[in-house]
1. Looking only at region A:110-146, count every residue that is in a loop (DSSP other than H, G, I, E, B) and touching a strand residue (DSSP E or B) at 6+ places or on another chain (Cβ under 8 Å) and tell me the total.
2. Condition test on B:VAL431, is it more than 7 Å from every other protein chain (Cβ to nearest Cβ), more than 13 Å from the chain's Cα centre (by Cα) and open to solvent by less than 10 Å² (accessible area, probe 1.4 Å)?
3. Just to be sure I understand, how many residues within region A:28-44 are basic (Lys, Arg) and surrounded by fewer than 16 Cβ atoms within 10 Å (Cβ to Cβ)?
4. Mind checking which pairs have a first residue in region A:294-323 that is in contact (Cβ under 8 Å) with a residue 12 or more places away in the chain and part of a helix (DSSP H, G or I) and a second that is open to solvent by less than 30 Å² (accessible area, probe 1.4 Å) and hydroxyl-bearing (Ser, Thr, Tyr), Cβ under 7 Å, 6 or more apart or different chains?
5. Please work out which one of (1) open to solvent by 20 Å² or more (accessible area, probe 1.4 Å); (2) at the interface with chain A (Cβ under 10 Å from one of its Cβ atoms); (3) more than 30 Å from B:THR90 (Cα to Cα); (4) in a helix (DSSP H, G or I) is the condition B:ASN379 fails and give its number.
6. Would you confirm whether any residue within region A:101-109 is in a loop (DSSP other than H, G, I, E, B) and more than 9 Å from every other protein chain (Cβ to nearest Cβ)?
7. So A:SER394 ticks every box in (1) assigned to a helix (DSSP H, G or I); (2) modelled with pLDDT of 95 or more; (3) open to solvent by 10 Å² or more (accessible area, probe 1.4 Å) but one. Which box is left unticked?
Amino acid sequence: MGSDGEERAPEFGSMVGELREVYESGRTRDMEWRRSQLRGLVRLLEEKEEDIFDALREDLGKPRGEAFRDEVGVLVKSVKDKLQNLGKWAAPEKVETPLVAFPASAFVVPEPLGVVLIFSCWNLPIGLALEPLSGALAAGNAVVVKPSELAPSTAAFLAANIPKYLDSKVVKVVEGGPEAGETLMEHRWDKVLFTGSGRVGRIIMTKAAKHLTPVALELGSKCPCIVDWLDSQRDSQVAVNRIIGAKWSTCAGQACIAIDYILVEEEFAPILIELLKSTLKTFFAKPGHMARVLNERQFQRLGALLDDPRVASSVVHGGYFDPKTLSIEPTILLNPPLDSDIMTEEIFGPLLPIITVKKIEDSIRFLKSKPKPLAIYAFTTNEKLKRRIIEETSSGSVTFNDAIVQYGLDSIPFGGVGHSGFGQYHGKYSFEMFSHKKAVLKRSFLIEFMFRYPPWDDGKLGMLRHVFRFDYVNLFLALLGLRR
Amino acid sequence: MAEEVARELRASFKAGRTRPAEWRAAQLRALVRMIEEKEADISAALHADLAKPTMESYLHEISLAKAACKFALKGMNSWVKPEKVPAAITTFPSSAQIVSEPLGVVLIISAWNYPFLLSIDPVIGAIAAGNAVVLKPSEIAPATSSLFAKLLPEYVDNSCIKVVEGGVPETTDLLEQKWDKIFYTGNGTVGRIVMAAAAKHLTPVALELGGKCPVIVDSDVDLHVAVKRIAVGKWGCNNGQACIAPDYIITTKSFAPQLVDSLKRVLERFYGQDPLQSEDLSRIVNSKHFQRLTNLIEDKKVADKIVYGGQADEKQLKIAPTVLLDVPLDSELMTEEIFGPILPILTVEKIEESIDFVNSKTKPLAAYLFTKNKKLQDNFVSNVPAGGMLVNDVALHLANPHLPFGGVGDSGMGSYHGKFSFDCFSHKKAVLIRGFGGEATARYPPYTQEKQKILRGLINGSFIALILALLGFPREKR
């Protein structure tokens, strides 16, 4: 409370006010301005690549290869894609009009929502901030980006560089912890995108409800990977490469689309485990090729997952935790109990439980009993199984015979369903996420249908029935007949 | 009670009853039959609830509901088909598609002013998309609510489509359950409550809310036609109690007298000398709203600005079309959504000023402009944010199933009608299918300079990089 007893306006009020003013001035509507912002983003990513790698290494121990593949590389391509397609996306789209409205023309016109807020997450701190940012700018909005304080070097990098490469009056970076996020949510936004946990997602949506602010939530989940019998040795090796790539080579498993656990037939499990062990040795022979665990707290959390003795005894590979370097060996478990924390909570770390089933088809029933994940993966050549997975399970996305790569494909939407969230982006969906598609109908003054107007009578009602049946012939005849 | 309903519907959905195309089509055909066979009952219920003229019941509710059903029946087969999309060089070889799947069990809360249409319309989308549905009709339109409760079980699959009647306690009970989507039509106050309740379960929502729909009238118009369209869009839509009815008019000071004159003439032609006696005007839904509306015109600030109408009959709950000129901007009439037969006209010096005025208010569900001036039309379309807009007519856009219908900002979020209804209740699942070929070792650790170069190329869609990667470059040192 202020000294004069008046309620203090929430902090950031002047920043939000400024952004609204700039937005109202129309600056962000201009297509050239939007393109200049996107080009600015590309330059930022290309010129500051080394700084980005450094920040990611500091925050997460992320190897350069990963950092390029998952954050910088995919982003540059995506922003260039937006530059190319922006004109098409922003153009009004003509749609059909029923003949009875003749003469009329109908369009859908995309317009920016206004001033939007993007919460990024700590595990892909560049990508999860800049991909939506590029969509919001392409769509003509003013933007506030709130990076996660848990990746402080990246947050500082963004705070220092975004004003240099983008229009600093229109794009703001707000550093800070959960209090900053909560205070930001006291304000009204035209859209909020939140990437993070379901717990915080609920808080964000509840606060947004006060202002009728639409939200998109990209939340976590346990992404399962079904591994079917693979006949050829080569296919099995490829599958294992990709599984390892999607678990330990993606921020040490700390990714919303990382493989959380595997489902495999009992008889195939030993083969799979052996192959995993030998390939892990090759990939991670030298240290420094796997990201580290974010911080002390996450490290403790992951360690606690093995506290349960039933879980600890199910470890078949790895299990070594080094508190000094916050690194955890790639760890594989075989059939930990289904009611243990490691099988009920999102792991978000380098521990991989393998759950066996009698027949691979049983995995479908298993999945249906769980909350809908962000991604379902399946390695199989069985077309029937593929079809059943698509039709009988629900998830943000499904990828067959690979994992994570769906993230970089701009032609498909990226987002969750059920507990894994709602709202989709990437590619043109990023543009649409921050747009309103306004319906526009234009008519002329020619051709008036008298039966539209009161006073009503049965004759008029009759004509209208023809209209609604699109029965133009009878309508025409009726018009002739009833013309006074 | 709500818990039981939710549980039963979830079981039905899980059992897969709502997925087959034949089931969905059968439900929609049953709805068409219901509308055709029970047209008289529906009209009677709408008359009981709102004194809605039969013509309006037919025009705005019955025929639109039937058209929506038929449109969904026709389009459904193509809507449910997966959409093939291009895959990238980065994932070569691969194929990608987008598959529409139902969200699951959805809750639809309807409104009182178009109680039949606003219930059926979203239900059609939910069914077409393969969901199980609970419909909660508005208790403020009790005859239509009980009609649904009686009729729907006679026509559709009651294990998957249910009606729950009731007021605030029943709605609150429903809102505490977990749904896969909630679709709400009504006002912003309850909209906030719905969204906050949904937040607890991370349930996505669509909110169709209201706002003050402005009508800008330029002097460069076919005045008689324009005024007829405005009048029928206002008083011919449930006597102004419609979310897309014109709320207020803006015109130039010099044109206002002609506009008012024309309005008076048209109103008299439509509703006669004694509008309270006209059968062609809906009544006000209940005494609470009647009081609210009469207070608006009795407000001292505006009472002397009435240029036409003002009559009210409390017994019949009828208020005559009432037009006011130049009311003060801080009067309640100009700050609250009117939702009734009262039409204030504001004046400006130059017509372009009206655009700034409209933009100074919250984004409306619909905005209207009457003019032949192309430049003004373009300015309007480009610079006025709104759910939807019409040039030279009113309200019609909601009848075009190819246009998305929904609000923005305070007027709501999400859209429906036509295929948009189907999309509203669907999840668009991305499916990427790869084979085991096209293995690029460049993806995996240990990361080297050579790998990075190839990866760079691959990600940028370089064909050469793809070839190199496919050929197994870089070769691992043994």
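1. Here the count works out to 7.
2. It is false that B:VAL431 is more than 7 Å from every other protein chain (Cβ to nearest Cβ), more than 13 Å from the chain's Cα centre (by Cα) and open to solvent by less than 10 Å² (accessible area, probe 1.4 Å).
3. Adding up the residues that qualify gives 2.
4. Going by the 7 Å Cβ cut-off, the qualifying pairs are A:ARG310/A:SER340; A:VAL311/A:SER340.
5. With (1) open to solvent by 20 Å² or more (accessible area, probe 1.4 Å); (2) at the interface with chain A (Cβ under 10 Å from one of its Cβ atoms); (3) more than 30 Å from B:THR90 (Cα to Cα); (4) in a helix (DSSP H, G or I) applied to B:ASN379, the lone miss is (2).
6. yes
7. (1) is the only condition that A:SER394 fails.
Residues are listed down the side, and each one gets a yes or a no for (1) open to solvent by less than 40 Å² (accessible area, probe 1.4 Å); (2) at the interface with chain B (Cβ under 7 Å from one of its Cβ atoms); (3) at pLDDT 85 or above; (4) not in a helix (DSSP H, G or I):
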site: A:GLY416; (1), (2), (3), (4): yes, no, yes, yes
site: A:LYS438; (1), (2), (3), (4): yes, yes, yes, yes
site: A:PRO455; (1), (2), (3), (4): no, yes, no, yes
site: A:MET463; (1), (2), (3), (4): yes, no, no, no
site: A:VAL467; (1), (2), (3), (4): yes, no, no, no
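The values are calculated or read from the model by the stated rules, or taken from the named source; none is laboratory data. Since this is a predicted model, take the numbers as computed values, not measurements. Because the Cβ atoms are built from the backbone with ideal geometry, glycine has one as well, and the counts that use them run over all protein chains shown. Areas reflect the complete protein model, heavy atoms only, side chains present, ligands, DNA and RNA absent. Shrake-Rupley method; radii C 1.70, N 1.55, O 1.52, S 1.80 Å.
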